[in-house]
Amino acid sequence: MGAAGLEVLILEKDTLPGRSVVSCPLLLSSGMQLLDEIGIEESIYAPDNTRFAGVALEMSEYFRTFVEIPDVYGRHFLYGIDRQVLDEALWKNLDRFSNVTQLENFSVRELQKNEEGRVNGVIGMFKGGESQAFSANCVIGADGRHSIVARKANAVVTEEVTQYNTAVYYAYWEGVEPYKALEKEWVQIHSGCNGFSAVVIPASKGLTGVLAQCRHDYFDAPAGVDEWYHSTLQSFPRVLGRLKNARQVTALSGMKNVGNLFRQASGKGWALAGDAYHQKDSYDAQGIYDALLGAKILASQLTDWKEGKKSWDMAMESYNSEVHDALHPMFMSTLDRLKREMFSSPSPKMANGLLRWVLTNKKYRERFGLLATRSIPPKNWASPAVMISAILSGAVSDIRRKRNQEEWWKLPAL
């Protein structure tokens with residue numbers, strides 16, 4: 001909207017740099033492409049970050065598989081990102097636009113409305129106690145999962161799935177050993193195949209995010225979250241081994257109930273973006289991409305409205321349908337993966353058979369890499385033909401395998 005010449009006021013309740021937010025993200029090439037479009041260079045948000053070939057997925061002690069990032073958008077790697085570095089890059093990028101005003105330390109408390117009930121501004125308070133009201137033709141709530149704009153506008157939840165909610169907590173560590181295999185470096189995801197998992201995401205400045213996650217209904221921390229976090233990591237020797245010479249350098253952050261939902265996207269004089277509109281589990285590392293894509297779609301529709309190409313109702317109708325169509329298929333795909341991989345506990349026979357045959361299959365892994373980078377539609381990305389072919393290929397390979405033949409998917413000895 002800044003590039004289109006619209007007058008924009010951004011109200012931030014915290015101070016940048018240093019804004020604290022619960023986020024330990026991966027950034028894929030699809031998200032980097034959207035950052036390219038708004039003029040933020042890779043060297044700014046990933047100044048010294050390792051370029052990872054992809055993800056090493058370990059299924060308990062059964063097997064591991066590697067999902068490489070395909071060469072799309074001119075990149076074939078992913079980053080672990082320090083969210084504070086990314087947020088500061090986004091904030092500073094706005095300095096390019098004289099028509100964009102930024103105010104920090106301001107918390108919105110209420111929405112202003114005219115006689116007809118249309119939102120036409122906000123009322124809030126600066127840190128220190130000074131109240132102020134700001135008028136606007138449109139108020140955008142890009143204010144997270146607990147969006148006050150959504151609450152005050154009475155935005156209804158249009159879809160919610162609660163049976164696959166998870167709990168996740170993380171901290172940053174120093175001195176974590178890198179994960180190297182096949183002459184490449186990887187992000188490690190370790191599934192216990194029991195409703196618990198851990199993820200190790202090296203970021204910048206020598207720091208590594210170490211996450212522990214479980215099914216929400218399995219989360220039990222009578223001695224506190226810190227004890228739960230460390231005991232969960234203790235249950236994963238392959239993660240713990242990388243931490244033997246490391247130390248935790250930040251306090252824990254996280255959520256004990258990560259929801260999956262869509263809200264009403266807009267109303268009279270207001271619209272929602274990012275987590276204020278749509279929330280899903282971080283399992284597929286799509287949060288930053290979804291937020292950027294949704295903001296891009298909203299900005300396009302608001303620009304058309306302000307330029308007189310569409311009425312407000314027409315612009316918001318287009319936004320509602322376009323953003324839902326863009327995000328909902330991946331929402332369903334993520335829930336499906338959570339159901340299969342977090343909320344199911346395969347038997348050893350199943351894990352060493354069907355599960356291994358599918359997850360180590362070359363075609364399946366290629367398709368998943370394309371899905372993760374949003375290069376193919378999420379719907380039916382793993383078609384019956386792909387799944388049947390993977391199962392048959394894996395079964396035949398097992399039959400033909402010679403005794404003591406080395407296989408790339410076997411986990412190294414601890």
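None of the figures in this text is laboratory data; all of them are computed from the coordinates on show. Note that the structure is a prediction, hence the values are computed from the model and not measured. Cβ placement follows ideal geometry from the backbone for every residue including glycine, while neighbour counts extend to all protein chains displayed.
Summary table below
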| item | result |
| --- | --- |
| Pairs, first among the acidic types (Asp, Glu) in the stretch 271-283, second outside any loop (DSSP other than H, G, I, E, B), C-beta under 8 Å, six or more apart | Asp275/Gly287; Asp275/Ala291; Asp281/Thr166; Asp281/Val258; Asp281/Thr334; Asp281/Leu335; Asp281/Leu338 |
| Residue ID - surrounded by the fewest Cβ atoms within 10 Å (Cβ to Cβ), chosen from residues in the stretch 107-132 that are of a type in the set (Lys, Arg) and not in a loop (DSSP other than H, G, I, E, B) | Arg109 |
| Residue within the stretch 110-130 that is within 29 Å of Leu34 (Cβ to Cβ) and among the acidic types (Asp, Glu) present | no |
| Members of the stretch 156-197 found to be closer than 18 Å to His216 by Cα and polar (S, T, N, Q), listed by number | Thr162, Gln163, Asn165, Thr166, Ser191, Asn194, Ser197 |
| Residues that are out of contact with any Gly (no Cβ under 8 Å at 6 or more places or on another chain), within 19 Å of Glu407 (Cβ to Cβ) and among the small types (Gly, Ala, Ser), drawn from the stretch 42-63 | Ala56 |
| Selected residue (only one of Gln102, Gln84 is touching a residue at least 12 places away in the same chain (Cβ under 8 Å) and under 22 Å from the mean Cα position of the chain (by Cα)) | Gln84 |
| Matching entry among Leu34, Leu28, Leu90 (being touching a residue at least 12 places away in the same chain (Cβ under 8 Å), crowded, with 22+ Cβ neighbours inside 10 Å, under 19 Å from the mean Cα position of the chain (by Cα) and under 30 Å from Leu9 (Cα atoms)) | Leu28 |
| Flag if Leu359 is closer than 25 Å to Ser30 by Cα, touching a residue at least 24 places away in the same chain (Cβ under 8 Å) and aliphatic (A, V, I, L, M) | yes |
| Residue tally, condition buried (at least 20 other Cβ atoms within 10 Å of the Cβ) and farther than 14 Å from Tyr172 by Cβ, over the stretch 197-215 | 4 |
| Residue among Leu355, Leu370, Leu338, Leu359 that is surrounded by 22 or more Cβ atoms within 10 Å (Cβ to Cβ) and within 17 Å of the chain's Cα centre (by Cα) | Leu338 |
